[in-house]
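Presented below is the structure to which this report refers.
The values are calculated or read from the model by the stated rules, or taken from the named source; none is laboratory data. No experiment lies behind these values; they were computed from the predicted model shown. Note: ideal-geometry Cβ built from the backbone for every residue, glycine included; neighbour counts use all protein chains shown.
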Amino acid sequence: MIELDRYSREEMYKPFDEPWHAEVFAVTVHLSERNLFSWVEWTDALSEQISKVKLRRYIDGSNDYYNLWLQALIELISTKGITDAEAILDVQNRWADAYRNTPHGKPVKL
């Protein structure tokens, strides 16, 4: 039984460990709802990604799981021609530059 005094109600019912987990989840749902891919295609892509990695190492959940989620999403949208690896890399690089050049406590903007 969980000791209620050790965990806040928020921690017990928190659906995502990090804000970016919620964001990649929301982006995936949004793209599927826009019919860019079906939910079956999505679950197949995620399952394939998890299966590939599980052959090599243990998946520890949280960040590890959502990194696989993100990789599956990138591969799916690239395969379907929604975007390409070059465009994704460009956004990743611009985001990293913006993050490094944003003062602490300020919102990161591209």
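Show the residue pairs meeting these rules: Cβ distance below 8 Å; 6+ apart or different chains; first residue within segment 82-108 and over 30 Å from residue 41 (Cα atoms); second residue part of a helix (DSSP H, G or I).
From segment 82-108, the pairs are 108/95; 108/98; 108/99.
Looking at segment 51-80, which of its residues are assigned to a loop (DSSP other than H, G, I, E, B) and of a type outside the set (Phe, Trp, Tyr)?
Matches in segment 51-80: 55, 56, 57, 59, 60, 61, 62, 80.
Output yes when any residue across segment 37-50 is more than 20 Å from residue 21 (Cα to Cα), part of a loop (DSSP other than H, G, I, E, B) and modelled with pLDDT under 95, and no when none is.
Checked against the condition, which is being more than 20 Å from residue 21 (Cα to Cα), part of a loop (DSSP other than H, G, I, E, B) and modelled with pLDDT under 95, segment 37-50 yields no hits at all.
Please identify the pairs in which a residue from segment 49-62 that is touching a residue at least 40 places away in the same chain (Cβ under 8 Å) and among the polar types (S, T, N, Q) has its Cβ atom under 8 Å from the Cβ atom of a residue that is surrounded by 10 or more Cβ atoms within 10 Å (Cβ to Cβ) and not in a helix (DSSP H, G or I), counting only partners at least 6 apart or on another chain.
If the second residue must be surrounded by 10 or more Cβ atoms within 10 Å (Cβ to Cβ) and not in a helix (DSSP H, G or I), the pairs left are 62/17; 62/18.
On the given criteria, is residue 3 loosely packed, with under 12 Cβ neighbours inside 10 Å and either modelled with pLDDT of 95 or more or not in a helix (DSSP H, G or I) (or both)?
Yes: the conditions hold for residue 3.
For segment 53-97, which residues satisfy the criterion of being aromatic (Phe, Trp, Tyr) and either modelled with pLDDT of 90 or more or within 13 Å of the chain's Cα centre (by Cα) (or both)?
Within segment 53-97, 65, 66, 69 qualify.
Working carefully through the options 51, 38, 62, 32, find the one that is among the hydroxyl-bearing types (Ser, Thr, Tyr) and surrounded by 15 or more Cβ atoms within 10 Å (Cβ to Cβ).
After applying the criteria, what remains is 32.
Yes or no, residue by residue, for (1) of a type outside the set (D, E, K, R); (2) within 12 Å of the chain's Cα centre (by Cα):
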site: 19; (1), (2): yes, yes
site: 27; (1), (2): yes, yes
site: 33; (1), (2): no, no
site: 40; (1), (2): yes, no
site: 43; (1), (2): yes, no
site: 51; (1), (2): yes, no
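Taking segment 30-50 only, how many residues are within 14 Å of residue 79 (Cα to Cα) and among the small types (Gly, Ala, Ser)?
The qualifying residues number 2.
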